[in-house]
Structures are given as structure tokens and as C-alpha cells.
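Asks: This structure is in C-alpha cells; I'll ask about it shortly.
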Amino acid sequence: GTVTLGRQYSASNDATSSFASGADWAASGLGYGTRAGDVDNVDTSNRIQNAIKYTSPNYRGVTVGILYSLGGQAGQFSRNAVTDAAVSYVNGPIKLGASYDFTKDPYYATFGNQGNSSTPTSAAGGTNNMASRIYGGYASAGSQQIITAGGSYVLGSATIALLYSNTQFQNLGQVNAIGSYGTKYNGGTATFNSGELNVKYALTPALTVAGAYIYTHNSGADGVGSAKYNQFNLGTIYSLSKRTSLYATGFFETASGVDSTGKQAVADFSGSTYSSNNHQLAAIVGITHKF
């Protein structure tokens, strides 16, 4: 197998990101095509710091990944630590993946690039990735748990993919979240359930069209809020050569209910400023060149 060290993608991302439109054709790396602010980190909005990752050899289509991220705070070994494990399976047109991720003090460990609570300047204000109204009110969580499972099937010129994730912000009220939305919770857990169905179809060897539907439900916490998010992605890719392609992608999201901040939920694409109302529309065009 392989051991890698440093700032890197999690084992969870390795096993499940290929099933997400936002990590594939829907403006990969820009965030717009993710599930509700990339709450499950499948689209790698947050890489893992100080990480030791082992990836096993492929045995009859099965690959296992294990990651542990050192918290980096002397005398408090578990603070800001990340434990992550995943398994994937590939057999012909079938691809499956599942993962488990547990993070201590997520406001600092992942969203704030592992600054610690005694010197949290790297995690304060706009520099912290937990600025989304979808889950920013849960910045005080003592831990975060993410369970993800998905699969894809190639049928002729089409690839059909499904993805499910369960994200929990646990032990709310434990972390001093400087620069957060400031919503105060006295314990409890906020849970997000997300599902995605996407299809990619090659009309010709050069032209691919794709579409996705994403649903996310935040059940709220401590008796505050419950919100639903619906998103639609639509895209096309045209290959000029083996190395260069043009792409165009559109995104539409609607929101309802009460979000993590205790206010009326608004649409909020990852990587963009949140909307002033319950819907948001975006489009991106670009060119990709592979070196």
C-alpha cells in the first residue's frame, strides 16, 4: 500500500467524491455544485492538515483507506484531531464507496485549518470556512461525524450515480467559535441528511451532457430550526482535444424553513455569497487544460 503525510484529501474523499456532480463535472473545485454548502465535505471544501493516510493495495476490486490527523496542540493530544476511514469497490461498470469521518473541534480542525482555541486568529471571521448560513450557526460543535455512501453504474454511454450522507454537528456549545454567526446552543446535535442523483451522458465522443438533483434536510438542534434545500445542476462539456475542453454549468437552489442561525433559510451556494431570499441561480463557463 501507500502512506502519505501532510495536508491532503481524506480517505472519505478518495472513496466517495466520484459519485458527486460537484466533484466531477459541476464546476469541480469551485463549490457551486455541492450538497448544501458541501456540509459533508465530499467535494473537498476542507482538506485535512497534519494527516497520516494509509491506502491499501487493490485486492479483487476492494481498496481501504485510513487517515488520522494530529491535532497539533501540545499536551492535548485529541484536540482538533480527525479520524477517517473508507472502503471502495470497483468491478467493471459498478463502483461503490462508503466512509466514516469523526472530527474533534471542527471549527478549528477543518473549517479553521486547525488553529487552536488559545490562538484562534486563523479561524476568526471570514477566514474560517464555516461561514455558510446553512451550518455556520453550529460552529460551537465539540465534534462532527460524517457517514457517506454511494455508487455509480456505467450503462453504455451513460453513467448514473447515487450519493447519501449523514452529517452531525455534535455537542453544541462546547467550542468558543470566534467570528461565527453567534447562535448559542446548549448541547444537542444538529443533523443533515443529504441525497444526490446525477446522470452523465456522452452524446458523442466529444460532447457530454449531465444533470443532478440534490436534496438536503437539516433537522435543527436544541429546538431551533429545521430547513430543506433543493438544488439542480445542469452542465455540458465539449472536448477540443484529449487535453483541452470547454464547459458550461448552471445551478439553481431553493431553501425553506429556519436555518442554523435561527433565521429564515436562504439559498447559499458553497463558494458564493448567500442569497437575500430563498432561491439562487448561478452559471459558470470556462476552459480546462490538462498538463
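The values are calculated or read from the model by the stated rules, or taken from the named source; none is laboratory data. What you are looking at is a predicted structure, and each value in this text was computed from that prediction instead of being measured. Cβ placement follows ideal geometry from the backbone for every residue including glycine, while neighbour counts extend to all protein chains displayed. Ligands, DNA and RNA are excluded from the accessible area calculation, which covers all protein heavy atoms including side chains. Shrake-Rupley method; radii C 1.70, N 1.55, O 1.52, S 1.80 Å.
Asks: Take Ser194 and tell me if it is more than 27 Å from Ser276 (Cβ to Cβ), among the hydroxyl-bearing types (Ser, Thr, Tyr) and either assigned to a strand (DSSP E or B) or in contact (Cβ under 8 Å) with a residue 40 or more places away in the chain (or both). Walk me through how you get there before you give the answer.
Replies: Details: more than 27 Å from Ser276 (Cβ to Cβ): no; among the hydroxyl-bearing types (Ser, Thr, Tyr): yes; either assigned to a strand (DSSP E or B) or in contact (Cβ under 8 Å) with a residue 40 or more places away in the chain (or both): yes.
Taking the combined requirement at face value, the residue does not satisfy it.
Asks: Among the numbered criteria (1) under 21 Å from the mean Cα position of the chain (by Cα); (2) open to solvent by 50 Å² or more (accessible area, probe 1.4 Å); (3) in contact (Cβ under 8 Å) with a residue 40 or more places away in the chain, which one does Ala210 miss?
Replies: Against the list (1) under 21 Å from the mean Cα position of the chain (by Cα); (2) open to solvent by 50 Å² or more (accessible area, probe 1.4 Å); (3) in contact (Cβ under 8 Å) with a residue 40 or more places away in the chain, Ala210 comes up short only on (2).
Asks: In segment 74-93, how many are within 19 Å of Leu163 (Cα to Cα), in contact (Cβ under 8 Å) with a residue 60 or more places away in the chain, not in a loop (DSSP other than H, G, I, E, B) and not charged (D, E, K, R)?
Replies: Residues that pass the stated criteria total 4.
Asks: Hey, another quick one. Go through (1) buried (at least 16 other Cβ atoms within 10 Å of the Cβ); (2) at pLDDT below 90; (3) more than 22 Å from Gln144 (Cβ to Cβ) and name the single condition Gly75 misses.
Replies: Here Gly75 clears every test but (1).
Asks: For Tyr108, indicate whether it is in a strand (DSSP E or B), closer than 15 Å to Ile48 by Cβ and of a type outside the set (D, E, K, R). It would help to see each step written out before you state the result.
Replies: On the way: in a strand (DSSP E or B): no; closer than 15 Å to Ile48 by Cβ: yes; of a type outside the set (D, E, K, R): yes.
For Tyr108, the condition - in a strand (DSSP E or B), closer than 15 Å to Ile48 by Cβ and of a type outside the set (D, E, K, R) - is not met.
To keep it simple, each residue is scored yes or no on (1) part of a loop (DSSP other than H, G, I, E, B); (2) of a type in the set (Phe, Trp, Tyr); (3) touching a Ser or Thr at 6+ places or on another chain (Cβ under 6 Å); (4) at pLDDT 90 or above.
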| position | (1), (2), (3), (4) |
| --- | --- |
| Ala227 | no, no, no, yes |
| Ser245 | no, no, yes, yes |
| Gly262 | yes, no, yes, no |
| Asn277 | yes, no, no, yes |
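Asks: Still on this structure: Search segment 58-73 for residues being in a strand (DSSP E or B) and not hydroxyl-bearing (Ser, Thr, Tyr), and hand back the single one that is farthest from Ser10 (Cα to Cα). Spell out the reasoning first.
Replies: As a first pass, look at segment 58-73 and keep what is in a strand (DSSP E or B): 59, 62-69.
Checking which are not hydroxyl-bearing (Ser, Thr, Tyr) leaves us with 62, 64-67.
Details: Val62: 17, Val64: 12, Gly65: 9, Ile66: 8, Leu67: 7 Å.
Among those residues, the one meeting the criterion is Val62.
Asks: A follow-up question, please. Could you check segment 247-260 and list, in sequence order, the residues that are of a type outside the set (Ser, Thr, Tyr), closer than 25 Å to Tyr185 by Cα and assigned to a strand (DSSP E or B)?
Replies: As a first pass, look at segment 247-260 and keep what is of a type outside the set (Ser, Thr, Tyr): 248, 250-253, 255, 257-259.
Filter again for closer than 25 Å to Tyr185 by Cα, leaving 255, 257-259.
Ala255, Gly257, Val258 - these are the residues of segment 247-260 that are of a type outside the set (Ser, Thr, Tyr), closer than 25 Å to Tyr185 by Cα and assigned to a strand (DSSP E or B).
Asks: Scan segment 126-173 for residues that are open to solvent by 40 Å² or more (accessible area, probe 1.4 Å), closer than 19 Å to Tyr185 by Cβ and in contact with a strand residue (DSSP E or B) (Cβ under 9 Å, 6 or more places away or on another chain) and jot them down.
Replies: Gln168, Asn171 - these are the residues of segment 126-173 that are open to solvent by 40 Å² or more (accessible area, probe 1.4 Å), closer than 19 Å to Tyr185 by Cβ and in contact with a strand residue (DSSP E or B) (Cβ under 9 Å, 6 or more places away or on another chain).
Asks: Does Ala267 count as in contact with a Ser or Thr (Cβ under 7 Å, 6 or more places away or on another chain), aliphatic (A, V, I, L, M), open to solvent by less than 50 Å² (accessible area, probe 1.4 Å) and at pLDDT 95 or above? I'd like the intermediate steps shown before the answer.
Replies: On the way: in contact with a Ser or Thr (Cβ under 7 Å, 6 or more places away or on another chain): yes; aliphatic (A, V, I, L, M): yes; open to solvent by less than 50 Å² (accessible area, probe 1.4 Å): yes; at pLDDT 95 or above: no.
No, not satisfied.
Asks: Follow-up. Return yes or no: is Gly92 modelled with pLDDT under 85 and farther than 24 Å from Tyr32 by Cβ?
Replies: Spelling it out, it is not the case that Gly92 is modelled with pLDDT under 85 and farther than 24 Å from Tyr32 by Cβ.
Asks: Which members of segment 229-243 meet the condition of being of a type outside the set (S, T, N, Q), in a strand (DSSP E or B) and more than 20 Å from the chain's Cα centre (by Cα)? Walk me through it before giving the result.
Replies: Of the residues in segment 229-243, the ones of a type outside the set (S, T, N, Q) are 229, 232, 234-235, 237-238, 240, 242-243.
Now narrow it down to the ones that are in a strand (DSSP E or B): 229, 232, 234-235, 237-238.
Ile237, Tyr238 - these are the residues of segment 229-243 that are of a type outside the set (S, T, N, Q), in a strand (DSSP E or B) and more than 20 Å from the chain's Cα centre (by Cα).
Asks: How many of the residues making up segment 15-45 are open to solvent by 10 Å² or more (accessible area, probe 1.4 Å), more than 16 Å from Tyr229 (Cα to Cα), part of a loop (DSSP other than H, G, I, E, B) and in contact (Cβ under 8 Å) with a residue 60 or more places away in the chain?
Replies: Here the count works out to 6.
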